[in-house]
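All remarks here apply to the structure that follows.
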Amino acid sequence: RTTLSENESALLQQTITLNPVAYNLYLKGKFEQDKATRTSLLNAINYFNQAIQADSGFTKAYSSLANSYLDQSGRGTEHPAKVLPLARKYIDKAIQLDPNSADVYASLGGWYRNSFNFKESERMLRKSLQINPEHENAIGWLANLLEMTGRYEEALQTLKKNFEMNPGIDIYSWSVTFYNRLNLTINPEEAIISTKQRIEAASIDPERQKNIYRTLARFYWYLGRREEAISSAEQAQDRG
């Protein structure tokens with residue numbers, strides 16, 4: 001008999017999918033997407049496309065597919081001119097399906113960020129957070145936008161708020177990577193320790209573990225700790 005807020009009611013009304021095949025493909029896509037490597041993003045795109053084929057009304061699959069293209073653009077694994085139009089295509093489809101989705105506005109905020117329209121990006125990301133204050137993508141992308149516009153302390157506080165609202169957050173999630181990178185200039189030892197903990201936590205996933213070693217190598221190099229940077233790069237099998 002509790003009274004729900006307008007935002008809580010909207011969240012409850014957002015059906016993911018009633019198709020178990022589509023949902024299973026979506027989960028596989030999310031798992032690959034979270035690894036954020038060239039190969040895993042291609043795998044994620046494949047799974048999300050299959051999920052959409054199984055359920056053409058699956059809003060989250062469309063927005064997640066768009067996010068994979070945004071990740072390719074942001075990480076430089078594909079040229080932005082190639083993938084940004086694809087991302088926008090699926091964002092527009094998701095908006096048609098659900099104009100009140102926090103996922104969709106987070107994706108749109110990410111698209112504007114990658115298109116260097118920072119003002120509109122911030123507006124869309126904050127709109128996403130009005131719908132769902134705990135939306136991890138919106139929080140992370142907003143923090144990234146704040147960093148890009150020189151608002152470093154605000155970016156750190158935004159990520160801290162995310163951790164407070166999501167205490168069970170994956171220790172090797174991209175938002176933790178981002179927080180450690182931001183924190184590197186303020187508390188470098190804390191950032192190094194946290195990154196080493198993430199390496200240990202990723203021991204069952206060698207590909208992901210190598211990716212975190214690359215991050216650690218960059219951190220050490222930034223701090224002028226050349227030998228430790230080289231050692232970490234060797235652990236990542238990165239000779240670049």
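The values are calculated or read from the model by the stated rules, or taken from the named source; none is laboratory data. These figures come from a predicted structure and were not determined experimentally. All Cβ positions, glycine included, derive from the backbone under ideal geometry; neighbour counts span all protein chains shown. Each accessible area value is taken on the protein alone, full model and side chains, heavy atoms only, with ligands, DNA and RNA left out. Shrake-Rupley method; radii C 1.70, N 1.55, O 1.52, S 1.80 Å.
Accessible surface for PHE163 stands near 50 Å², nearest 10, in the context of the full protein assembly shown (1.4 Å probe). Can you tell me how segment 94-164 classifies by the Cα gyration tensor, rounded, prolate or oblate, using a/c under 1.5 as the rounded cut? Here segment 94-164 falls in the oblate category.
Relative to the compact-globule estimate of 2.2 N^0.38 Å, the Cα radius of gyration of segment 109-240 comes out at 1.12.
In the full protein context, the chain carries 53 Å² of accessible surface per residue, based on a 1.4 Å probe and ignoring ligands, DNA and RNA.
Karplus-based coupling profile of segment 71-88, in residue order and whole Hz: 5, 4, 5, x, 8, x, 7, 9, 6, x, 4, 7, 9, 4, x, 5, 4, 5, with θ = phi - 60° in 6.51 cos²θ - 1.76 cosθ + 1.60 and x standing for Gly or Pro. Between LEU18 and THR39, the modelled labels are 3.9 nm apart [label points 7 Å from Cα along Cα→Cβ]. Rounded to 0.05, the FRET efficiency of the LEU223 and SER56 pair, given R0 = 51 Å and the Cβ-Cβ distance, is 0.55.
Along the axis of the charge dipole computed for segment 76-194 (Cβ charges of +1 for Lys and Arg, -1 for Asp and Glu, origin at the Cα centre), the listed residues THR177, SER115, LEU145 are led at the positive end by SER115. How many percent of the accessible area of segment 193-232 is carbon or sulfur, using a 1.4 Å probe? Carbon with sulfur: 52 percent of the solvent-accessible area. Taking the longest Cα principal axis of the chain as reference, the axis of helix 20-35 is set at about 30 degrees. Solvent-accessible area of segment 82-144 (1.4 angstrom probe, protein heavy atoms only): carbon and sulfur portion equals 51 percent. Rounded to the nearest whole Hz, the Karplus-based 3J(HN,Hα) values (6.51 cos²θ - 1.76 cosθ + 1.60, θ = phi - 60°) of segment 199-208 follow the sequence 4, 5, 5, 8, 4, 7, 10, x, 5, 5, with x at glycine and proline.
Derived scalar couplings between HN and Hα for segment 94-101 equal 5, 5, 4, 6, 8, x, 10, 8 Hz in order, rounded to whole Hz, by the Karplus curve 6.51 cos²θ - 1.76 cosθ + 1.60 (θ = phi - 60°), x for Gly and Pro. Extension gain, ARG75-ARG151: 0.36 nm per intervening residue step, less the Cα-Cα distance, totals 25.2 nm.
Convex hull of alpha carbon positions in the chain: directionally averaged projected area 14.0 nm². Computed about its Cα centre, the charge dipole of the chain is approximately 500 debye, with only Lys, Arg, Asp and Glu carrying charge at their Cβ. Calculated [222 nm] ellipticity per residue, helices only, for the chain: -24000 deg cm²/dmol; basis is -39500 (n - 2.57) per DSSP H run with n ≥ 4, divided by all residues, nearest 500.
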